[in-house]
1. Please quote Rg/Rh for the range 126-255 to two decimal places, taking the Kirkwood radius as Rh and restricting both calculations to Cα atoms.
2. Starting with the highest mean, order 65-72, 242-249, 36-43 by the number of other Cβ atoms within 10 Å, averaged over the residues of each peptide.
3. What distance in nm lies between label points placed 7 Å from Cα along the C-beta direction at Lys23 and Arg74?
4. Under the classification rounded if a/c is under 1.5, otherwise prolate if a/b is larger than b/c and oblate if not, where does the range 189-246 fall, given a ≥ b ≥ c as square roots of the Cα gyration tensor eigenvalues?
5. With an 8 Å Cα cut-off and a minimum separation of 6 or more residues, compute the relative contact order for the chain in percent.
6. How far, in nm, would the chain grow between Lys161 and Phe240 when pulled straight, counting 0.36 nm per residue and subtracting the alpha carbon separation?
7. Given the pairs Lys73/Lys161; Lys31/Lys73; Lys34/Lys100, which span a C-alpha to C-alpha distance of over 20 angstrom in this model?
8. Given the rule -39500 (n - 2.57) for each run of at least 4 DSSP H residues, summed and divided by the residues of the chain, what is its mean residue ellipticity at 222 nm, to the nearest 500 deg cm²/dmol?
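The values are calculated or read from the model by the stated rules, or taken from the named source; none is laboratory data. Quick caveat: nothing in here was measured; it's all calculated off a predicted structure. Cβ placement follows ideal geometry from the backbone for every residue including glycine, while neighbour counts extend to all protein chains displayed. Just so you know, the surface numbers come from the protein's heavy atoms only, side chains and all, with ligands and any DNA or RNA stripped out. Shrake-Rupley method; radii C 1.70, N 1.55, O 1.52, S 1.80 Å.
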Amino acid sequence: MGGNRAAHAPARLQGASNLILLKQHDVLFLKPRKVAGTSFEMALSRFAGRGDIITPILPEEERERIRRGYAGKRNYRYRPWELTRRQLKPVARELRYPYKFYNHTSAHEARERLAPGVFDKALKVSIVRDPFDVLVSQFYNQGHANDDPAAFANWARTHSKFVTVNEKQYYCHGEYVVDHMIRYEHIAEDVARLEALRPGLAGLGETFASFSAKAHFRPSNTGPQRMFAGSDGLVETVRFLAAPVCERFGYDVPR
(Lines give C-alpha, C1' and ligand atoms only; values in the text may rest on other atoms or scores of the structure.)
Protein backbone atom coordinates (compact mmCIF):
# COMPACT_ATOMS: atom_id res chain seq x y z
CA MET A 1 0.00 0.00 0.00
CA GLY A 2 2.76 2.43 0.96
CA GLY A 3 4.73 1.61 -2.19
CA ASN A 4 1.97 2.60 -4.61
CA ARG A 5 3.29 5.70 -6.38
CA ALA A 6 -0.24 6.79 -7.33
CA ALA A 7 -1.15 6.84 -3.65
CA HIS A 8 1.02 9.92 -3.11
CA ALA A 9 1.17 11.45 -6.60
CA PRO A 10 0.17 15.09 -7.03
CA ALA A 11 -3.41 15.65 -8.18
CA ARG A 12 -2.23 17.38 -11.36
CA LEU A 13 -0.60 14.11 -12.49
CA GLN A 14 -3.52 11.90 -11.75
CA GLY A 15 -6.29 13.00 -14.08
CA ALA A 16 -9.85 12.57 -13.00
CA SER A 17 -10.81 11.01 -9.72
CA ASN A 18 -13.02 8.05 -9.29
CA LEU A 19 -14.45 7.74 -5.83
CA ILE A 20 -17.15 9.61 -3.94
CA LEU A 21 -18.60 8.45 -0.64
CA LEU A 22 -21.76 10.25 0.44
CA LYS A 23 -22.14 9.15 4.05
CA GLN A 24 -25.51 10.78 4.70
CA HIS A 25 -26.99 9.06 1.65
CA ASP A 26 -24.96 5.86 2.11
CA VAL A 27 -23.81 5.92 -1.52
CA LEU A 28 -20.37 4.94 -2.82
CA PHE A 29 -19.58 5.81 -6.44
CA LEU A 30 -16.83 3.73 -8.08
CA LYS A 31 -15.90 5.60 -11.23
CA PRO A 32 -14.84 3.75 -14.38
CA ARG A 33 -13.28 5.20 -17.54
CA LYS A 34 -14.98 6.42 -20.74
CA VAL A 35 -18.51 6.36 -19.30
CA ALA A 36 -19.27 10.05 -18.56
CA GLY A 37 -18.04 9.34 -15.04
CA THR A 38 -16.51 12.76 -14.44
CA SER A 39 -19.79 14.52 -15.23
CA PHE A 40 -21.59 12.12 -12.91
CA GLU A 41 -19.22 12.62 -10.00
CA MET A 42 -19.37 16.40 -10.46
CA ALA A 43 -23.16 16.14 -10.21
CA LEU A 44 -22.92 13.88 -7.14
CA SER A 45 -20.71 16.41 -5.39
CA ARG A 46 -23.76 18.68 -5.18
CA PHE A 47 -25.06 16.37 -2.45
CA ALA A 48 -21.82 16.01 -0.44
CA GLY A 49 -21.30 17.15 3.12
CA ARG A 50 -18.18 18.10 5.06
CA GLY A 51 -17.44 14.55 6.22
CA ASP A 52 -17.85 12.89 2.82
CA ILE A 53 -15.01 11.65 0.64
CA ILE A 54 -14.41 13.32 -2.73
CA THR A 55 -11.21 12.64 -4.65
CA PRO A 56 -9.65 15.35 -6.86
CA ILE A 57 -10.56 16.00 -10.48
CA LEU A 58 -8.76 18.08 -13.08
CA PRO A 59 -8.32 21.76 -12.10
CA GLU A 60 -10.72 23.15 -14.70
CA GLU A 61 -13.40 20.66 -13.64
CA GLU A 62 -12.74 21.38 -9.97
CA ARG A 63 -13.23 25.09 -10.65
CA GLU A 64 -16.53 24.41 -12.40
CA ARG A 65 -18.09 22.48 -9.54
CA ILE A 66 -16.86 25.05 -7.02
CA ARG A 67 -18.30 27.81 -9.24
CA ARG A 68 -21.66 26.07 -8.96
CA GLY A 69 -21.39 25.93 -5.20
CA TYR A 70 -20.87 22.17 -5.02
CA ALA A 71 -18.45 20.41 -2.68
CA GLY A 72 -14.84 20.13 -3.82
CA LYS A 73 -12.16 17.53 -3.10
CA ARG A 74 -12.01 16.51 0.55
CA ASN A 75 -11.06 13.73 2.97
CA TYR A 76 -9.18 11.75 0.31
CA ARG A 77 -5.77 11.75 2.01
CA TYR A 78 -4.54 9.53 4.81
CA ARG A 79 -4.89 10.95 8.29
CA PRO A 80 -1.51 11.39 10.04
CA TRP A 81 -2.00 8.47 12.43
CA GLU A 82 -2.81 6.13 9.51
CA LEU A 83 0.57 6.57 7.82
CA THR A 84 3.24 3.90 7.81
CA ARG A 85 6.93 4.79 8.17
CA ARG A 86 7.41 4.13 4.46
CA GLN A 87 4.64 6.59 3.61
CA LEU A 88 6.14 9.24 5.87
CA LYS A 89 9.38 9.38 3.87
CA PRO A 90 8.03 11.34 0.86
CA VAL A 91 6.18 13.65 3.24
CA ALA A 92 9.42 14.70 4.91
CA ARG A 93 11.67 14.51 1.84
CA GLU A 94 9.45 15.83 -0.96
CA LEU A 95 6.55 17.47 0.90
CA ARG A 96 4.08 15.07 -0.74
CA TYR A 97 1.23 13.87 1.43
CA PRO A 98 -0.11 10.40 0.55
CA TYR A 99 -3.49 9.87 -1.03
CA LYS A 100 -5.73 7.26 0.53
CA PHE A 101 -8.11 7.37 -2.42
CA TYR A 102 -6.65 8.31 -5.79
CA ASN A 103 -7.09 8.07 -9.54
CA HIS A 104 -9.48 5.23 -10.39
CA THR A 105 -9.31 3.47 -7.05
CA SER A 106 -10.39 -0.14 -7.46
CA ALA A 107 -13.24 -1.76 -5.57
CA HIS A 108 -10.68 -3.91 -3.76
CA GLU A 109 -8.70 -0.84 -2.62
CA ALA A 110 -11.88 0.97 -1.59
CA ARG A 111 -12.99 -1.97 0.53
CA GLU A 112 -9.57 -2.16 2.19
CA ARG A 113 -9.23 1.56 2.90
CA LEU A 114 -12.70 2.54 4.05
CA ALA A 115 -13.71 2.02 7.67
CA PRO A 116 -14.80 -1.57 8.49
CA GLY A 117 -18.24 -2.30 7.14
CA VAL A 118 -18.59 0.99 5.24
CA PHE A 119 -17.93 -0.54 1.83
CA ASP A 120 -20.28 -3.49 2.30
CA LYS A 121 -23.06 -1.38 3.79
CA ALA A 122 -23.03 1.39 1.18
CA LEU A 123 -25.07 1.33 -2.00
CA LYS A 124 -22.27 0.85 -4.51
CA VAL A 125 -22.93 2.69 -7.77
CA SER A 126 -21.00 2.55 -11.03
CA ILE A 127 -21.52 3.06 -14.77
CA VAL A 128 -21.17 0.52 -17.57
CA ARG A 129 -20.93 1.07 -21.31
CA ASP A 130 -21.01 -1.18 -24.35
CA PRO A 131 -17.35 -2.38 -24.56
CA PHE A 132 -17.45 -2.18 -28.38
CA ASP A 133 -18.43 1.48 -28.14
CA VAL A 134 -15.84 2.03 -25.38
CA LEU A 135 -13.10 0.88 -27.74
CA VAL A 136 -14.29 3.19 -30.51
CA SER A 137 -14.51 6.07 -28.04
CA GLN A 138 -10.96 5.44 -26.84
CA PHE A 139 -9.73 5.47 -30.44
CA TYR A 140 -10.98 9.04 -30.87
CA ASN A 141 -9.97 10.03 -27.35
CA GLN A 142 -6.37 9.34 -28.35
CA GLY A 143 -6.59 11.93 -31.08
CA HIS A 144 -7.46 9.85 -34.14
CA ALA A 145 -9.70 11.60 -36.66
CA ASN A 146 -9.93 8.84 -39.27
CA ASP A 147 -13.43 7.39 -39.67
CA ASP A 148 -12.18 4.48 -41.78
CA PRO A 149 -13.10 1.15 -40.11
CA ALA A 150 -9.86 -0.39 -41.40
CA ALA A 151 -7.78 2.26 -39.60
CA PHE A 152 -9.74 1.68 -36.41
CA ALA A 153 -9.37 -2.11 -36.67
CA ASN A 154 -5.61 -1.77 -37.17
CA TRP A 155 -5.35 0.35 -34.01
CA ALA A 156 -7.79 -1.80 -32.01
CA ARG A 157 -5.82 -5.02 -32.56
CA THR A 158 -3.12 -3.70 -30.25
CA HIS A 159 -5.44 -1.84 -27.86
CA SER A 160 -8.32 -4.29 -27.41
CA LYS A 161 -7.45 -4.96 -23.75
CA PHE A 162 -8.76 -1.49 -22.95
CA VAL A 163 -12.25 -3.04 -22.83
CA THR A 164 -11.27 -4.74 -19.53
CA VAL A 165 -10.04 -1.56 -17.83
CA ASN A 166 -13.21 -1.01 -15.78
CA GLU A 167 -13.53 -4.50 -14.32
CA LYS A 168 -11.62 -3.50 -11.20
CA GLN A 169 -14.41 -1.05 -10.39
CA TYR A 170 -17.05 -3.78 -10.76
CA TYR A 171 -15.36 -6.79 -9.14
CA CYS A 172 -13.55 -7.46 -5.89
CA HIS A 173 -11.72 -10.78 -5.63
CA GLY A 174 -13.85 -12.05 -8.52
CA GLU A 175 -17.12 -11.03 -6.85
CA TYR A 176 -19.41 -8.56 -8.62
CA VAL A 177 -19.97 -5.80 -6.03
CA VAL A 178 -21.98 -3.07 -7.79
CA ASP A 179 -25.46 -2.68 -6.27
CA HIS A 180 -26.80 -0.15 -8.77
CA MET A 181 -25.27 -0.13 -12.24
CA ILE A 182 -26.06 2.81 -14.48
CA ARG A 183 -26.06 1.82 -18.14
CA TYR A 184 -24.47 4.49 -20.32
CA GLU A 185 -27.03 3.81 -23.04
CA HIS A 186 -29.92 4.31 -20.59
CA ILE A 187 -28.28 6.81 -18.29
CA ALA A 188 -31.28 9.09 -17.64
CA GLU A 189 -33.52 6.14 -16.82
CA ASP A 190 -30.99 4.51 -14.49
CA VAL A 191 -30.11 7.76 -12.69
CA ALA A 192 -33.85 8.23 -12.11
CA ARG A 193 -33.96 4.77 -10.55
CA LEU A 194 -31.08 5.78 -8.28
CA GLU A 195 -33.03 8.86 -7.18
CA ALA A 196 -35.95 6.56 -6.33
CA LEU A 197 -33.64 4.39 -4.21
CA ARG A 198 -32.12 7.44 -2.51
CA PRO A 199 -34.75 10.23 -2.38
CA GLY A 200 -32.17 12.56 -0.86
CA LEU A 201 -30.51 12.66 -4.29
CA ALA A 202 -33.57 14.18 -5.96
CA GLY A 203 -32.44 16.40 -8.81
CA LEU A 204 -29.29 14.39 -9.53
CA GLY A 205 -30.38 13.54 -13.07
CA GLU A 206 -31.10 17.16 -13.91
CA THR A 207 -27.75 18.25 -12.49
CA PHE A 208 -25.91 15.53 -14.37
CA ALA A 209 -27.55 16.54 -17.64
CA SER A 210 -26.18 20.07 -17.20
CA PHE A 211 -22.56 18.88 -17.32
CA SER A 212 -20.54 17.96 -20.37
CA ALA A 213 -17.13 17.27 -18.85
CA LYS A 214 -14.45 15.75 -21.06
CA ALA A 215 -16.39 16.05 -24.29
CA HIS A 216 -14.25 14.91 -27.21
CA PHE A 217 -14.73 15.19 -30.94
CA ARG A 218 -15.94 12.01 -32.57
CA PRO A 219 -17.10 11.96 -36.18
CA SER A 220 -20.70 11.02 -36.91
CA ASN A 221 -21.41 7.55 -38.23
CA THR A 222 -18.73 5.92 -36.09
CA GLY A 223 -20.89 3.52 -34.12
CA PRO A 224 -19.69 -0.03 -33.40
CA GLN A 225 -21.83 -1.52 -36.18
CA ARG A 226 -19.86 0.42 -38.81
CA MET A 227 -16.44 0.52 -37.16
CA PHE A 228 -16.32 -3.24 -36.50
CA ALA A 229 -17.72 -4.15 -39.94
CA GLY A 230 -15.60 -6.80 -41.64
CA SER A 231 -13.49 -7.44 -38.53
CA ASP A 232 -14.98 -10.67 -37.23
CA GLY A 233 -11.74 -11.61 -35.49
CA LEU A 234 -11.68 -8.31 -33.59
CA VAL A 235 -15.34 -8.73 -32.65
CA GLU A 236 -14.59 -12.17 -31.19
CA THR A 237 -11.60 -10.76 -29.30
CA VAL A 238 -13.73 -8.08 -27.65
CA ARG A 239 -16.46 -10.61 -26.86
CA PHE A 240 -13.87 -12.83 -25.18
CA LEU A 241 -12.09 -10.09 -23.23
CA ALA A 242 -15.29 -8.35 -22.10
CA ALA A 243 -17.31 -11.54 -21.60
CA PRO A 244 -18.44 -10.73 -18.02
CA VAL A 245 -19.90 -7.36 -19.06
CA CYS A 246 -21.27 -8.59 -22.39
CA GLU A 247 -23.05 -11.51 -20.76
CA ARG A 248 -24.40 -9.56 -17.78
CA PHE A 249 -25.73 -6.63 -19.83
CA GLY A 250 -26.30 -8.21 -23.24
CA TYR A 251 -23.77 -6.14 -25.18
CA ASP A 252 -22.79 -7.12 -28.73
CA VAL A 253 -22.12 -5.48 -32.09
CA PRO A 254 -25.49 -4.64 -33.68
CA ARG A 255 -26.24 -6.67 -36.81
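1. So for the range 126-255, dividing Rg by the Kirkwood Rh gives 1.00.
2. Highest-to-lowest ranking by the protection proxy: 36-43, 242-249, 65-72.
3. 1.0 nm
4. oblate
5. Relative CO of the chain lands at 23 percent.
6. 27.4 nm
7. Details: Lys73/Lys161 31 Å; Lys31/Lys73 15 Å; Lys34/Lys100 23 Å.
In this structure, Lys73/Lys161; Lys34/Lys100 exceed 20 Å between Cα atoms.
8. Details: 13 runs with 99 residues, N = 255.
After summing the helix terms and dividing by residue count, I get -10000 deg cm²/dmol.
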